[in-house]
Structures are given as structure tokens and as C-alpha cells.
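Handing you this structure, nothing more for now.
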Amino acid sequence: MTKQPTTPFVIPVGMLPSDGRFGCGPSKVRDAQLDALASEGRRLMGTSHRQAPVKKLVGSVRAGLRELFSLPDGWEVVLGNGGSTMFWDVATFGLIQQCSQHLVFGEFSQKFADAVAAAPHLGEPIVVACNPGAHPEPQPSDADTLCLTHNETSTGVAMQLTANGTSSGAPRSNAGDALVLVDATSAAGGLAWSPSGVDVYYFAPQKSFASDGGLWIACCSPRAIERIEAIAASGRWTPASLDLKIALDNSRADQTYNTPAIATLFLLDQQVQWMLQHGGLQWCAQRTAESASIIYHWAENSSYAAPFVGKPEHRSNVVATIDLEGVAANDVNVILRHNGVVDTDGYRKLGRNQLRVGMFPAVEPSDVAALTKCIDYVVDRLRA
Ligand SMILES: *Cc1c(COP(=O)(O)O)cnc(C)c1O
């Protein structure tokens, strides 16, 4: 592999995808969302989040997500500022009682476990880990909280969370009475799941929801609400900005504790409505499955590319990780970027010669097909 900088060259225009954004978050925002922000959204921008128009927007997001996920009665959609990383801190204060079990199989699941390990008011977390490229299974334990990741964005591994999925289909089966917390940051809206085995399904809007970062959203079961209320009543010290009971009370009033980014909420709402209009979560999941089938099929049949995740049932439909051999992924990414095809870089800490492709619902499956053609073109030229 050459260490010299690659000289950029041009990919024929007819070969390029209609949109070159393949990042895993931030990810492609559809033009129609941005157009709506510039038209209807114009009246909301710069207005108070304590007044009816913005409260209506928050209400629409909450109701839309409830419908998209078919949340059972008693579930509530709670939101606050700070993104999923902040929600890990929120959970250490407001959801974990004493001891949590964490399935660790990549950077994001590790970070949550680290946040808990550092919290002085909690016991040492139980970490069940495996090498990147697969996922571990929950172990029987006395933990009061089980922490899963629906889609490990750093490695492209997804867990099955549907009612009739395999082992993890009923995550609670091994969890006893533990509350089941699912980091669905990159999965939510792009992969199917069933609320039956889950208590908190949390995410941020810059991945499958094609919005901007900075917000966390948590769908909470009645058991989760009970836990939130019990911990709040226990008198545990909690910074107000991380206090889930305060967030819950504000969400019930279609507000946030402090000022939210209105554009982020607006773009999120646009995407949720778009998903619902096309057929809801099932349509979204079919669309990402189609994109995934295109890219994995291509990689399996390529002389120089291969899916990183060994077991097909572990391969994510929203984040594909593709190992390259005989050509430097970085060189490929430099040429792609020069041609407006961006953010196909592997997760830096995984440290593999790898491409990583976001295939969220906003991404056209035909653009994923075009991307594979562009990669072939670039690699042919680089190796010539
Ligand atoms: C992106 C991501 C996060 C971090 O989200 P932020 O909103 O940037 O804090 C956490 N978990 C997973 C699985 C992610 O993909």
C-alpha cells in the first residue's frame, strides 16, 4: 500500500450517486426537510419554546414517534438536550439503581460502561464483552439494569430486538427483573424492534432521523417510569440538567427543561412524518434491508472487499463495515471525497483498513448501488 498522498481524479458524473452523503451521523438530511424548514419552519425559528407553536412541534414529534414505534399504552416519549452521550449520564443518575450489566462490543457500548464505572454512587458494572464484529449475549446476574446497543455504529453489528428474534429477541429472558435499556442511536427508525422486551429505547436524531445532533429522546415503558419516579423520590443527588424526572415532567408538557434547538426538532419531525407517510417503521426497515443487501452482496462478490462482520445475522442494515485488501481505504476515501461522496471512513478507533457506510432510511438504495460502482471504479484506477 502506497504511503504517498493520492492524486485526486474525477469519477464519471453519470456514475455518482444522486446524493453523496453516506455518513453514520451526522447523516444525510433530505432536501425536502430543509426546504420545509425554510418555508413552514421559518415562522418557528426564533420563537419561544414555552409558547404553543413550538410546544405543538414537540407534541408532534412525541406523537409521531409513539405511532412509528407502535408504543403500547403507558409508554412515554421523553426528551432533553445533549444527545445520546448525555443520556448515558442521565441514566447513571436516573435509571440505574445500583448495578448494571453491559453488553460491550464496540466503542459506544464501551463508553456507557465507562460512564457507569466512573459514577461514585453506583456499584461496579458487570461487563460482558466480545471482540468487535459480533455481539455478546446477556448473562444471568443480579444487575438491576441491562444495557444493550441495538446497532453498534463503530463496528456495524446489530442485535435482533424483534419479538420473535433469536436469543436477544427477548432480552429480558436472561435479565430477570432488570430494566432493559437499549442504545438505539443509529438503529431507531431504521431497524425493526419490539417494545415487549425493552424498557428504555433511546437515541439522538442525527442518524436514522436525518436531523441534527444535540438532542436525546427516550421511549420509556411503565416500568421505566416507575424506576425514574422511585429514584427521584429516594433523594439521590442529581444535577438538574441530567435529572430524568425533570425531563419527564417537561416532556409531558411538550417542553424541554432548557432551550432546545428548534431546527433540530423541526427536521426530526419532518423525517418522522415522512416515515409515517411511506408506511412507517416496516417500510423504513425494508428500505435499509434493501440497501444492506446491495452492499453486502457486492462486497461478498468483490475480489478486494469483504463484509467485516462474519455472521450475516449480525450484519447491520443501517451501518455497513467493509474491509478492503490490497488497497488503502484512506486512498479510496480521499478520491470519493474529492468527488463529493463523503464520510465513508471507518471508525477511527477500530483501526481497520475499512470503509463504513451509513444506509439510513433517508439514503436511496439506488445511491448505495451507485456507491459500490464508484468504489470499484476508484479501486481499479488506484491499482492500475
Ligand atoms: C452516535 C452514537 C452515540 C453518540 O451519540 P451523540 O448524540 O453524539 O452523543 C451513542 N451510541 C451510538 C450507538 C451511536 O451510534
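The values are calculated or read from the model by the stated rules, or taken from the named source; none is laboratory data. Note that the structure is a prediction, hence the values are computed from the model and not measured. Methodologically, a virtual Cβ is constructed for each residue, glycine included, from the backbone with ideal geometry; neighbour enumeration extends over all protein chains shown. The area values use the complete protein model at the heavy-atom level, side chains included, leaving out ligands, DNA and RNA. Shrake-Rupley method; radii C 1.70, N 1.55, O 1.52, S 1.80 Å.
Identify, please: which residue in segment 85-103 is within 19 Å of the chain's Cα centre (by Cα) and under 23 Å from Glu137 (Cβ atoms) and is, among those, surrounded by the most Cβ atoms within 10 Å (Cβ to Cβ)?
Only one residue fits best here, namely His102.
Still on this structure, I have one more. Can you name the residue in segment 61-101 that is aromatic (Phe, Trp, Tyr) and touching a helix residue (DSSP H, G or I) at 6+ places or on another chain (Cβ under 8 Å) and, of all such residues, is farthest from Asp144 (Cα to Cα)? Can you show your working first?
Initial filter on segment 61-101 (aromatic (Phe, Trp, Tyr)): 69, 75, 87-88, 93.
With touching a helix residue (DSSP H, G or I) at 6+ places or on another chain (Cβ under 8 Å) added as a condition, the list becomes 69, 75, 88, 93.
On the way: Phe69: 25, Trp75: 20, Trp88: 16, Phe93: 14 Å.
Among those that are aromatic (Phe, Trp, Tyr) and touching a helix residue (DSSP H, G or I) at 6+ places or on another chain (Cβ under 8 Å), it is Phe69.
From Gly64, Gly59, Gly41, which residue is more than 21 Å from the chain's Cα centre (by Cα), under 30 Å from Thr162 (Cβ atoms), more than 16 Å from the ligand (Cβ to nearest atom) and surrounded by 12 or more Cβ atoms within 10 Å (Cβ to Cβ)? So that I can check it myself, show each step before the final result.
Values: Gly64 fails: more than 21 Å from the chain's Cα centre (by Cα); Gly41 fails: under 30 Å from Thr162 (Cβ atoms).
After applying the criteria, what remains is Gly59.
Right, next: Within segment 104-116, does at least one residue satisfy the condition of being away from the ligand (no atom under 16 Å from the Cβ) and either open to solvent by 10 Å² or more (accessible area, probe 1.4 Å) or closer than 18 Å to Val318 by Cα (or both)? Break it down into steps so the answer makes sense when it comes.
So the first thing to find is which residues in segment 104-116 are away from the ligand (no atom under 16 Å from the Cβ), and the list is none.
Within segment 104-116, none of the residues are away from the ligand (no atom under 16 Å from the Cβ) and either open to solvent by 10 Å² or more (accessible area, probe 1.4 Å) or closer than 18 Å to Val318 by Cα (or both).
Moving to a separate point now. Would you pick out the residues in segment 228-241 that are assigned to a helix (DSSP H, G or I) and either closer than 21 Å to Ala362 by Cα or charged (D, E, K, R) (or both)?
Start the filter on segment 228-241 by keeping residues that are assigned to a helix (DSSP H, G or I), which leaves 228-234, 240-241.
Answer for segment 228-241, where residues must be assigned to a helix (DSSP H, G or I) and either closer than 21 Å to Ala362 by Cα or charged (D, E, K, R) (or both): just Glu229.
Residues being surrounded by 22 or more Cβ atoms within 10 Å (Cβ to Cβ) and not in a strand (DSSP E or B): count how many of those fall in segment 177-227.
20
Those residues that are assigned to a loop (DSSP other than H, G, I, E, B), open to solvent by 20 Å² or more (accessible area, probe 1.4 Å) and of a type in the set (A, V, I, L, M), I need them from segment 128-143; list them, please.
Ala134
Within segment 8-38, can you find the residues that are within 16 Å of the ligand (Cβ to nearest atom) and either free of Cβ contacts under 8 Å to residues at least 12 places away in the same chain or not in a loop (DSSP other than H, G, I, E, B) (or both)? Steps first, please.
Taking segment 8-38 and keeping what is within 16 Å of the ligand (Cβ to nearest atom), we get 21-29.
Hit for segment 8-38 is Arg21, nothing else.
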